[in-house]
């Protein structure tokens, strides 16, 4: 790791772990409950959701499980996850009947990028995850990947002068019809809360950068947060 990368990473760690490296010791994951709203297209209405997410600090792994109204008496569950090198997306009507399921290398890449963008929500991964690779991609931008990942997925993280994560950026696969289209994507960290010596992003806004303009499709807030510890 070169000097500019070390300096930027130290700045990020100092902001996200105000309790120092000791605050990350023994932390296995961060578990959050969220409320927010999502939409499927720029013309679609916003639909409220509730979700539970667990992000692992020691390996590239997360699980996001949400419940969302489908209109009338209908409701759906959505499972969005990544573990052991593979992504997983499953939508069920009423939590029981599968209506959409995705897998494949494009999903593997996109879901890993989602995990890599989550360092602001699980700061312990900055010092505990052994296969994360960091490099300076600009004066205040860090690029992160996982050396164990065969897809070459990376995420850029733009920092403030104080090391605060501001925006994460990537080019991710996006399903358009039956084809995956590589599309610029970004997430904004709008607020943070402190738990056990860690600053955790608590308000997020996520956007696809379509050729015709930005499409914000996710807005969410963390309503509760639990730091999970090694058994």
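The values are calculated or read from the model by the stated rules, or taken from the named source; none is laboratory data. This is a predicted model, so every value here is computed, not measured. So basically every Cβ, Gly included, is an ideal-geometry build from the backbone, and we count neighbours across all protein chains shown.
Look at residue 114 and say whether it is assigned to a helix (DSSP H, G or I), modelled with pLDDT of 95 or more and in contact with a strand residue (DSSP E or B) (Cβ under 8 Å, 6 or more places away or on another chain). Criteria met by residue 114.
Of all the numbered requirements in (1) exposed (fewer than 13 other Cβ atoms within 10 Å of the Cβ); (2) modelled with pLDDT under 95; (3) closer than 23 Å to residue 198 by Cβ, residue 10 misses one, and that requirement is (2). Residues in region 47-83 that are modelled with pLDDT of 95 or more, outside any strand (DSSP E or B) and more than 16 Å from the chain's Cα centre (by Cα): there are none. The criterion of at least 3 residues that are surrounded by 14 or more Cβ atoms within 10 Å (Cβ to Cβ), in contact with a helix residue (DSSP H, G or I) (Cβ under 8 Å, 6 or more places away or on another chain) and touching a residue at least 40 places away in the same chain (Cβ under 8 Å) is met, among strands (runs of 3 or more DSSP E) falling completely within region 164-231, by 165-176, 179-195, 198-210. Hey, can you tell me all the residues within region 15-32 that are exposed (fewer than 14 other Cβ atoms within 10 Å of the Cβ) and either farther than 17 Å from residue 130 by Cβ or within 20 Å of the chain's Cα centre (by Cα) (or both)? Answer for region 15-32, where residues must be exposed (fewer than 14 other Cβ atoms within 10 Å of the Cβ) and either farther than 17 Å from residue 130 by Cβ or within 20 Å of the chain's Cα centre (by Cα) (or both): 18, 20, 22. Take the conditions part of a loop (DSSP other than H, G, I, E, B) and farther than 21 Å from residue 197 by Cα and apply them to residue 1. Does it pass? So residue 1 fits the description; yes. If the condition is being over 22 Å from residue 218 (Cβ atoms) and in contact (Cβ under 8 Å) with a residue 40 or more places away in the chain, then region 58-103 contributes 58, 59, 85. Pairs are defined by a Cβ separation below 6 Å, a sequence spacing of at least 6 or placement on different chains, a first member in region 1-21 that is under 16 Å from residue 138 (Cβ atoms), and a second member that is assigned to a loop (DSSP other than H, G, I, E, B); the pairs so defined are 11/163; 12/163.
Please go through region 62-76 and pick out each residue that is under 26 Å from residue 120 (Cβ atoms) and surrounded by fewer than 19 Cβ atoms within 10 Å (Cβ to Cβ).
Within region 62-76, 63, 65, 67, 68 meet the criteria.
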